[in-house]
1. Starting from segment 81-101, keep only residues that are within 23 Å of Arg158 (Cβ to Cβ), then list their pairs with residues that are acidic (Asp, Glu) whose Cβ atoms are within a distance under 7 Å, requiring at least 6 positions of separation or different chains.
2. Please give the helices (runs of 4 or more DSSP H) falling wholly within segment 119-225 in which 2 or more residues are within 15 Å of the ligand (Cβ to nearest atom) and open to solvent by less than 10 Å² (accessible area, probe 1.4 Å).
3. For Ala248, indicate whether it is of a type in the set (Gly, Ala, Ser), at pLDDT 95 or above, assigned to a helix (DSSP H, G or I) and open to solvent by 30 Å² or more (accessible area, probe 1.4 Å).
4. I'd like the residue in segment 336-363 that is away from the ligand (no atom under 15 Å from the Cβ) and open to solvent by 30 Å² or more (accessible area, probe 1.4 Å) and, out of all such residues, is nearest to Ala403 (Cα to Cα).
5. Search segment 38-58 for residues being within 12 Å of the ligand (Cβ to nearest atom) and within 19 Å of Met396 (Cβ to Cβ), and hand back the single one that is surrounded by the fewest Cβ atoms within 10 Å (Cβ to Cβ).
6. Checking the condition free of Cβ contacts under 8 Å to residues at least 60 places away in the same chain and either closer than 25 Å to Pro103 by Cβ or not small (Gly, Ala, Ser) (or both), which residue from Ala167, Ala161, Ala207, Ala203 passes?
7. Look through segment 394-404, keep the residues that are outside any loop (DSSP other than H, G, I, E, B) and more than 12 Å from the ligand (Cβ to nearest atom), and return whichever of them is nearest to Thr372 (Cα to Cα).
8. Any chance segment 16-27 includes a residue that's modelled with pLDDT under 95 and within 16 Å of the ligand (Cβ to nearest atom)?
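The values are calculated or read from the model by the stated rules, or taken from the named source; none is laboratory data. Nothing here was measured: the structure is a model prediction, and the numbers come from that model. Positions of Cβ are backbone-derived with ideal geometry, glycine not excepted, and every protein chain shown enters the neighbour counts. These accessible areas exclude ligands, DNA and RNA; they are computed on the full protein's heavy atoms, side chains included. Shrake-Rupley method; radii C 1.70, N 1.55, O 1.52, S 1.80 Å.
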Amino acid sequence: MTTSLDEQARNIMRRNDQGHYTMPTNGLYPYQWNWDSAFAAFGFATFDLGRAWVEIETLFSGQWENGMVPHIIFHSESSGYFPGPDVWGTEQSPPTSGISQPPVAATFTRAIFEQNPEVGLNHLKDLFPKLLAWHRWFFECRFENGVIVVNHPWESGRDNAPEWDEAMGNVDTSGVGEYTRNDTSHVDPHMRPNQTDYDRFMAIVYAGRDCGWNEANMSENGPFRVADPGMTFILLRANKDLLALAEAVGANTSEIQNWIQALEAGVQQLWNPEIQAYDALNIRTGKFAGSMSSASFLCWYAGIQNETALIEFNRIAAAVKYTFPSHDPDSERFEPFRYWRGPAWGIVNTLIGIGLAEMGHQAQAEKLRGDTAKLIEQSGFAEYFNPVDGSPAGGMDFTWTAAIWLAWASPSLQIKGS
Ligand code: 9WN
């Protein structure tokens with residue numbers, strides 16, 4: 001059974017493979033997404049190392065001159081997704097969206113490189129300056145008060161998470177007008193963001209487009225600017241991996257070391273004592289979101305110990321059948337089926353699990369890995385899962401779920417490793 005699931009995962013990745021990039025899933029997401037591709041590369045590296053490098057290299061073919069790596073690259077035409085390239089209006093070639101996504105690429109590049117440094121060195125020499133430029137862009141354009149902010153919930157990768165509710169409430173949707181969503185024709189609407197969220201998503205896109213995606217303008221006047229513990233932890237971790245890559249190519253490391261110090265100090269400002277968790281902070285209003293989410297538990301992934309977080313982790317793990325819910329199940333905002341408001345996501349489990357294992361919390365790491373494996377064994381390679389009953393949600397035959405199965409969750413890895 002295990003062998004056959006490994007084979008199924010490889011087949012999903014091959015089917016979604018467009019030759020030089022991989023779609024998250026056919027139909028719902030027909031283009032290249034940023035962090036999806038980095039996870040895809042992590043998965044490809046278990047059976048085709050060359051293809052893993054190609055995936056990351058293609059992602060960087062969409063890099064902007066200012067260093068940003070966009071969240072979507074529209075390599076080919078497709079009518080299946082809204083908002084498509086015309087709506088974003090970024091005037092890039094290839095066309096792209098105008099925002100970024102969580103920077104997991106340096107971390108998985110390091111994993112791929114270390115698998116075979118001899119093969120990887122030439123790839124890395126070319127890729128390293130691009131990774132460095134992207135991280136520098138974060139510090140130039142998304143670094144405020146010591147932490148990383150997002151300009152759009154889509155930038156966080158956790159689109160409709162409750163941590164955005166307070167700031168989203170201030171987004172003016174009066175100019176949005178008519179548009180047609182495609183997502184709800186692919187997926188049951190009760191598993192997707194609601195219409196009010198979508199109107200706000202679109203209002204923020206139109207505001208970016210109207211100012212020509214000018215970073216200074218968006219940071220001053222954009223409708224949404226929220227500090228995200230998820231982005232902050234992920235970039236902190238990515239900087240540590242980038243440092244190792246800098247050493248491998250013989251590059252200067254002082255700039256990266258400064259970034260690490262700055263984020264290690266800054267992220268403590270996201271500790272919300274009221275809910276005893278790392279929380280999102282609306283830097284426009286100074287208000288915390290009051291949201292304990294899966295992103296709150298990425299501290300270990302960033303190399304930060306936190307005893308209280310461990311206690312809360314154990315409480316949440318005991319409250320659901322399958323870890324790890326994207327939002328606190330004891331909160332009234334918890335919705336077990338609705339996208340980032342409750343469901344468990346294999347990719348987030350992977351990041352939290354990697355961190356827990358590295359920081360000495362083996363029991364919690366094994367619980368996450370075991371639950372992720374059970375979810376996939378019972379419900380297939382779904383985009384995400386209901387953490388209460390384990391049922392599949394969102395798109396099926398999903399690239400990143402297949403990828404993390406191969407690289408992190410499959411029991412066959414333990415057999416190989418032992
Ligand atoms: C918007 C592709 C992406 C993921 C995101 C996830 C979802 C898109 C959408 O799908 O977002 O970027 O249209 O819902 O939230 O994390 O990268 O899998």
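1. These pairs meet every condition: Ile99/Glu155; Ser100/Glu155; Gln101/Glu155.
2. Values: elements: 153-156, 165-168, 183-186, 195-210, 215-221.
Filter on segment 119-225 gives 153-156, 195-210.
3. Working: of a type in the set (Gly, Ala, Ser): yes; at pLDDT 95 or above: yes; assigned to a helix (DSSP H, G or I): yes; open to solvent by 30 Å² or more (accessible area, probe 1.4 Å): yes.
Yes; evaluated as a whole, the condition is true for this residue.
4. If we filter segment 336-363 for residues that are away from the ligand (no atom under 15 Å from the Cβ), which is where we start, we get 336, 352-363.
Checking which are open to solvent by 30 Å² or more (accessible area, probe 1.4 Å) leaves us with 336, 354, 357-360, 362-363.
Values: Pro336: 23, Ile354: 15, Ala357: 19, Glu358: 20, Met359: 23, Gly360: 24, Gln362: 22, Ala363: 23 Å.
Among those residues, the one meeting the criterion is Ile354.
5. Going residue by residue through segment 38-58, those that are within 12 Å of the ligand (Cβ to nearest atom) are 38-40.
Still in the running and within 19 Å of Met396 (Cβ to Cβ): 39-40.
Numbers: Phe39: 28, Ala40: 31.
Once the filter is applied, the top-ranked residue is Phe39.
6. Values: Ala167 fails: free of Cβ contacts under 8 Å to residues at least 60 places away in the same chain; Ala161 fails: free of Cβ contacts under 8 Å to residues at least 60 places away in the same chain; Ala203 fails: either closer than 25 Å to Pro103 by Cβ or not small (Gly, Ala, Ser) (or both).
Residue meeting the stated conditions: Ala207.
7. Initial filter on segment 394-404 (outside any loop (DSSP other than H, G, I, E, B)): 399-404.
Those still in the list that are more than 12 Å from the ligand (Cβ to nearest atom) too: 402, 404.
On the way: Ala402: 11, Ile404: 9 Å.
Among those residues, the one meeting the criterion is Ile404.
8. yes
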